[in-house]
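Read-outs: derived from the displayed coordinates by stated rules, not from any lab. As the structure is a computational prediction, the values presented were derived from the model and not from experiment. For neighbour counting, all protein chains shown are included, and Cβ atoms are generated from backbone atoms with ideal geometry for every residue, glycine included.
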Amino acid sequence: AMVVVDHEGRPTGIVNEVAVEVTPENRRPWVSTGSLARNLEPSLVLAADLTGEALIDAMRETPAGEYLLVERGGEIFGVLATSDVNRVFSGV
């Protein structure tokens, strides 16, 4: 995934790999990143230090494919993919 930020560095959206892959390769140079991004609603932003049941509960509140993880100071930590969490719990 890729995090889209505004001119002040605030995250505004997430582009997942699938969105890029389904865009025809010959069109990619003319497609804006923002047009492929999912708007970043507050419920899609999770604390990077959430673990275990608290993490699962937060994900259940707003089901999504990806979540933005942020540090306590607001810095971007990374993107958590639901598919990765599912793989961990399924033992794959």
Worksheet entry | Efficiency of FRET from Cβ geometry, ARG10 and ASN86, R₀ 22 Å, rounded to 0.05 | 0.15
Fill in: Share of Cα-Cα pairs in the stretch 40-89 lying beyond 11 Å, as whole percent
67 percent
Discussion item. From the mean inverse distance of alpha carbon pairs (Kirkwood) and the Cα radius of gyration, derive Rg over Rh for the chain.
Written reply: 1.00
Item to complete: Place +1 on the Cβ of every Lys and Arg and -1 on the Cβ of every Asp and Glu in the stretch 18-64, take the dipole about the Cα centre, and give the residue among ASN39, PRO29, ALA54 whose Cα lies farthest towards its positive end.
Response: PRO29
Discussion item. If R₀ is 25 angstrom, what is the calculated FRET efficiency for the pair ALA58 and THR33, using the beta carbon separation as r and rounding to 0.05?
Written reply: 0.45
Practice prompt. Please find, in a Gaussian network model of the chain (springs between Cα atoms separated by less than 10 Å), the residue of GLY74, GLY34, GLY52 whose mean-square fluctuation is greatest.
Written response: GLY52
Discussion item. Can you say what percent of the DSSP beta bridges in the chain, counting only those with both residues inside, are antiparallel? Round to 5.
Written reply: 80 percent
Fill in: Cβ charges +1 (Lys, Arg) and -1 (Asp, Glu), total dipole of the chain, debye
260 debye
